[in-house]
Amino acid sequence: MTVEFSGYAGPLDETLGLVVTEASDQEVVAELEVTGKLMQAYGIVHGGVYCAITETVCSMGAALTVGLGEQVVGISNHTRFIRAVRAGRLVARARPVDRVDDHVTWQSTITDEKDRVVAEGTVNLLRLTPPG
């Protein structure tokens, strides 16, 4: 299932400037223009930004994997920072890794304008069981 997104996935994503450009149960793609608001004290993108991007694209993919009528929540997010970024545009791509019962795992790769990997992450998610 492919879903069209014409903007931001949620309030935090809007604050960051993260725009989802493609989303399906096989891949989620999002882009972000680096701005001064995303920097830490040394003038590079804050690691929390990469964690938030990873959480968004992986969670969106997992939701599409289990069905939009279900709810999924992240239970772990391991994001690794590889290259410092000071300016430019970032692209995040997330893809499914595994699904066992109610557990779904997705991985993301975030690249810069030169297609260099700047961060990568894995999010484990849990499909919530409806009450009752």
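The values are calculated or read from the model by the stated rules, or taken from the named source; none is laboratory data. Treat the numbers as computed from the prediction; the structure is a model and nothing was measured. Reconstructed Cβ throughout: ideal geometry from the backbone, glycine too, with neighbour counts over all protein chains shown. All accessible areas refer to the heavy atoms of the entire protein, side chains included, with ligands and DNA or RNA removed. Shrake-Rupley method; radii C 1.70, N 1.55, O 1.52, S 1.80 Å.
Run down 19, 85 and say which single residue is surrounded by 14 or more Cβ atoms within 10 Å (Cβ to Cβ), within 12 Å of the chain's Cα centre (by Cα) and not aromatic (Phe, Trp, Tyr).
Among 19, 85, only 19 is surrounded by 14 or more Cβ atoms within 10 Å (Cβ to Cβ), within 12 Å of the chain's Cα centre (by Cα) and not aromatic (Phe, Trp, Tyr).
Pick out the one residue from 113, 70 that is outside any strand (DSSP E or B), open to solvent by less than 80 Å² (accessible area, probe 1.4 Å) and either among the charged types (D, E, K, R) or over 24 Å from residue 11 (Cβ atoms) (or both).
Residue meeting the stated conditions: 70.
Count, please, the residues in the range 46-67 that happen to be surrounded by 15 or more Cβ atoms within 10 Å (Cβ to Cβ) and either of a type in the set (A, V, I, L, M) or on the phi > 0 side of the Ramachandran plot (or both).
Looking only at that region, the number is 9.
Working only within the range 116-132, note down all residues that are assigned to a loop (DSSP other than H, G, I, E, B) and among the small types (Gly, Ala, Ser).
Selection gives 132 alone.
Could you list all residues from the range 88-110 that are open to solvent by 20 Å² or more (accessible area, probe 1.4 Å) and in a loop (DSSP other than H, G, I, E, B)?
Selection gives 101, 102.
Is one or more of the residues making up the range 94-105 at positive phi and modelled with pLDDT under 95?
Yes: the range 94-105 contains one or more residues that are at positive phi and modelled with pLDDT under 95.
Just checking, how many residues over the range 73-107 are closer than 19 Å to residue 38 by Cα and touching a helix residue (DSSP H, G or I) at 6+ places or on another chain (Cβ under 7 Å)?
Qualifying residue count, the range 73-107: 3.
Could you check how many residues of the range 73-82 are open to solvent by 30 Å² or more (accessible area, probe 1.4 Å) and of a type in the set (S, T, N, Q)?
Residues flagged as open to solvent by 30 Å² or more (accessible area, probe 1.4 Å) and of a type in the set (S, T, N, Q) within the range 73-82 amount to 2.
Note down all Cβ pairs under 8 Å where the first residue falls in the range 45-64 and is among the charged types (D, E, K, R), the second is open to solvent by 30 Å² or more (accessible area, probe 1.4 Å), and they're at least six residues apart or on different chains.
Every condition considered, the pairs that remain are 55/74; 55/77.
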